[in-house]
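The values are calculated or read from the model by the stated rules, or taken from the named source; none is laboratory data. Values in this document were obtained by computation on a predicted structure and should not be read as measured data. Methodologically, a virtual Cβ is constructed for each residue, glycine included, from the backbone with ideal geometry; neighbour enumeration extends over all protein chains shown. Just the protein is used for accessible areas: all its heavy atoms, side chains included, with ligands, DNA and RNA removed. Shrake-Rupley method; radii C 1.70, N 1.55, O 1.52, S 1.80 Å.
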Amino acid sequence: MDTLHIIGAGLAGSEAAWQAAQAGVPVVLHEMRPRVGTFAHRSGDFAEMVCSNSFRSDDDERNAVGLLHWEMRAAGGLIMTTADRHALPAGGALAVDREAFSAAVTAALRAHPLISVSEEEITELPTDGHWIIATGPLTSGALAESIRAVTGADSLAFFDAIAPIVHAETIDMSVAWRQSRYDKGETEEERTAYINCPMTKDQYEAFIDALLAAEKTEFHEGETAGYFDGCLPIEVMAERGRETLRHGPMKPVGLTNAHDPATKAYAVVQLRRDNALGTLYNIVGFQTKMKYGAQTAVFRMIPGLEQASFARLGGIHRNTFLNSPTLLDDQMRLRARANLRFAGQVTGVEGYVESAAMGLLAGRMAAAEIKGASLPAPGPETAMGSLVHHITGGAVAKTFQPMNVNFGLFPPLDDARGGRRGRKDRYKGYTDRAKEVFTAWLADQA
Ligand SMILES: Cc1cc2nc3c(=O)[nH]c(=O)nc-3n(C[C@H](O)[C@H](O)[C@H](O)COP(=O)(O)OP(=O)(O)OC[C@H]3O[C@@H](n4cnc5c(N)ncnc54)[C@H](O)[C@@H]3O)c2cc1C
């Protein structure tokens, strides 16, 4: 049987390798780390989560990313089942201990009898054999150049920013308190998964002034400036309006100050647990491109963080992705070279879960092809199908931008499914329909 080669053992490449190997196809996984690093990855482990430690909502009845979790679990996805084993309390979200998670994914892949690992950077697009390219938003420069030469189209590059991580012991708990927004969660641990730092109006105004005045890292390399939707740097949000943060990551709703229940905070900074030990917390939504010195000074203005020590400060990064609607066919293959499939963030999906989901699909499709069959994508009524249909044709190519999974990508519901009902019922209608379609898709492969 032919071998499947996969470039990149990130969220997508790891899942693709697992799926193909589980289907009985031999896999060589080519990963450049630890020999060649990226600015965001810290280890040589596979499936490293470079920023937030959250896979976002785990609600598979009313949330599109929660539905994607469900589909990946149903398909025996390595990423999701490993995440479940290393989950941390996060009040309705699926957050994980990132180091334990990556170590477990790495161990599972290295132990698989059909998978071998080649520690090397691939610098050119291969001309023959079966390949999946899952090199992510930080695809190495040489390979990006080679992709550009072959596709003949400009791949877009834009900046994104990562949030800082604080040592928990340096947070002043006589000021901050533990509580998940609206006390969400089934256990006491989940209901107290976040640490909250309250601000008065004066403190908030001073904080905004400092953010606006802080020294920022400038754009360079002539790249287009831009960010993931929903991942804007805080100083960019502050530039959009002094109230923007108070209605975004610093909104004070659903929280009661345990030290002073009668006083409503004007704004609240939330920190979310970042490891199983509970020794590290990331500041939620605080991606930034402020210079390091400025970050320390500005973040220590937050009540409770005056003495904070930072395990990692925020930073900026480049995001490389294809114009998939013009370049890829419905099998995620490059139209110009059908032996090459793409998967993950480089295809223009956005997020850990979406990237892993595209890896799952590409791995199954490639395995089917090697075995002489063809596997169609699941229907657009499913979360996975809605994403792949979007990137390989549904999206407008001219204005194509990376996309998170969301119900807006799903075909409308008919009335019998609750198409005319309120939002919550409609979401349930979407997820019920998706589960039926996805289950049938899996059954067809059995
Ligand atoms: C700094 C940063 C912060 C992000 N924050 C979030 C977040 O908070 N939440 C979220 O959901 N998503 C986030 N993303 C977006 C995205 O979901 C992740 O990048 C995700 O890891 C993408 O998965 P992937 O498998 O496509 O790429 P990756 O996980 O990056 O995997 C790609 C792999 O390919 C390897 N590689 C690259 N080039 C080569 C080559 N030429 N040869 C061999 N190997 C190569 C890399 O070393 C890497 O291991 C962030 C991205 C970045 C860069």
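For A47, state whether it is assigned to a loop (DSSP other than H, G, I, E, B) and buried (at least 21 other Cβ atoms within 10 Å of the Cβ). Full working, then the answer.
Values: assigned to a loop (DSSP other than H, G, I, E, B): yes; buried (at least 21 other Cβ atoms within 10 Å of the Cβ): yes.
Taking the combined requirement at face value, the residue satisfies it.
Has region 82-100 got at least one residue that is of a type outside the set (A, V, I, L, M), within 14 Å of the ligand (Cβ to nearest atom), farther than 18 Å from I6 by Cβ and within 16 Å of the chain's Cα centre (by Cα)?
Looking for residues that are of a type outside the set (A, V, I, L, M), within 14 Å of the ligand (Cβ to nearest atom), farther than 18 Å from I6 by Cβ and within 16 Å of the chain's Cα centre (by Cα), one finds at least one in region 82-100, hence yes.
Inspect all residues belonging to region 74-89 and state whether any of them is touching a strand residue (DSSP E or B) at 6+ places or on another chain (Cβ under 9 Å), at pLDDT below 95 and either outside any helix (DSSP H, G or I) or farther than 27 Å from N339 by Cβ (or both).
Yes: region 74-89 contains one or more residues that are touching a strand residue (DSSP E or B) at 6+ places or on another chain (Cβ under 9 Å), at pLDDT below 95 and either outside any helix (DSSP H, G or I) or farther than 27 Å from N339 by Cβ (or both).
If I filter region 18-38 down to residues being within 12 Å of the ligand (Cβ to nearest atom) and part of a strand (DSSP E or B), which single residue comes out as most open to solvent (accessible area, probe 1.4 Å)?
Step one: of region 18-38, the residues within 12 Å of the ligand (Cβ to nearest atom) are 28-38.
With part of a strand (DSSP E or B) added as a condition, the list becomes 28-31.
Values: V28: 30, L29: 0, H30: 13, E31: 13 Å².
Step by step, filter region 18-38, then rank; the result is V28.
Just the residues that are open to solvent by 10 Å² or more (accessible area, probe 1.4 Å) and either over 30 Å from R273 (Cα atoms) or among the hydroxyl-bearing types (S, T, Y) (or both), please, taken from region 1-17.
Result: M1, D2, T3, H5.
Which of the residues that make up region 90-99 are open to solvent by less than 20 Å² (accessible area, probe 1.4 Å) and part of a strand (DSSP E or B)? Write out each step before concluding.
Narrowing region 90-99 to residues open to solvent by less than 20 Å² (accessible area, probe 1.4 Å): 90-91, 94-96.
Result: L94, A95, V96.
Scan region 1-21 and report the pairs whose first residue is farther than 12 Å from T135 by Cα and whose second residue is aromatic (F, W, Y) and more than 9 Å from the ligand (Cβ to nearest atom), with Cβ atoms within less than 6 Å and a gap of 6+ or a chain change.
H5/W131
Going by the structure shown, is T288 open to solvent by less than 20 Å² (accessible area, probe 1.4 Å), touching a helix residue (DSSP H, G or I) at 6+ places or on another chain (Cβ under 7 Å) and either basic (K, R) or under 27 Å from P89 (Cα atoms) (or both)? So that I can check it myself, show each step before the final result.
Working: open to solvent by less than 20 Å² (accessible area, probe 1.4 Å): yes; touching a helix residue (DSSP H, G or I) at 6+ places or on another chain (Cβ under 7 Å): yes; either basic (K, R) or under 27 Å from P89 (Cα atoms) (or both): yes.
Considered against the rule, which asks whether it is open to solvent by less than 20 Å² (accessible area, probe 1.4 Å), touching a helix residue (DSSP H, G or I) at 6+ places or on another chain (Cβ under 7 Å) and either basic (K, R) or under 27 Å from P89 (Cα atoms) (or both), T288 comes out as yes.
Just the residues that are closer than 21 Å to A213 by Cα and outside any strand (DSSP E or B), please, taken from region 248-281.
G248, P249, M250
Would you check which residues across region 3-17 are in a loop (DSSP other than H, G, I, E, B), aliphatic (A, V, I, L, M) and either farther than 14 Å from A343 by Cβ or more than 7 Å from the ligand (Cβ to nearest atom) (or both) and list them?
Residues of region 3-17 in a loop (DSSP other than H, G, I, E, B): 3, 8-10.
Pick out the ones that are also aliphatic (A, V, I, L, M) and you get 9.
Matches in region 3-17: none.
Helices (runs of 4 or more DSSP H) wholly in region 282-381 with at least 1 residues that are under 23 Å from P402 (Cβ atoms) and more than 12 Å from the ligand (Cβ to nearest atom) - which ones?
It comes to 324-327, 352-370.
Cβ-Cβ below 7 Å, separation at least six or inter-chain, first residue in region 407-420 and in the same structural domain as V388 (by TED's automatic domain parsing), second among the aromatic types (F, W, Y): which pairs?
Filtered contacts from region 407-420: F407/Y427; F407/Y430; F410/Y430; L413/Y430.
Restricting attention to region 304-324, report how many residues are within 16 Å of T170 (Cα to Cα) and open to solvent by 10 Å² or more (accessible area, probe 1.4 Å). Even if it seems obvious, please write down each step before you answer.
First pass over region 304-324, keeping only residues within 16 Å of T170 (Cα to Cα): 304-313.
Right, trim to open to solvent by 10 Å² or more (accessible area, probe 1.4 Å) and you get 306-307, 309-313.
The qualifying residues number 7.
If the requirement is being within 16 Å of the ligand (Cβ to nearest atom) and of a type outside the set (S, T, Y), which of these qualifies: I195, I165, I208? Working first, answer last.
Working: I195 fails: within 16 Å of the ligand (Cβ to nearest atom); I208 fails: within 16 Å of the ligand (Cβ to nearest atom).
Going through I195, I165, I208 in turn, the sole match is I165.
Look through A134, A87, A103 and report the one residue that is hydrophobic (A, V, I, L, M, F, W, C), within 16 Å of H41 (Cβ to Cβ), free of Cβ contacts under 8 Å to residues at least 60 places away in the same chain and in contact with an Asp or Glu (Cβ under 9 Å, 6 or more places away or on another chain).
Just one listed residue meets the conditions, A103.
Could you please give the count of residues in region 403-443 that are exposed (fewer than 11 other Cβ atoms within 10 Å of the Cβ) and at pLDDT 95 or above?
1
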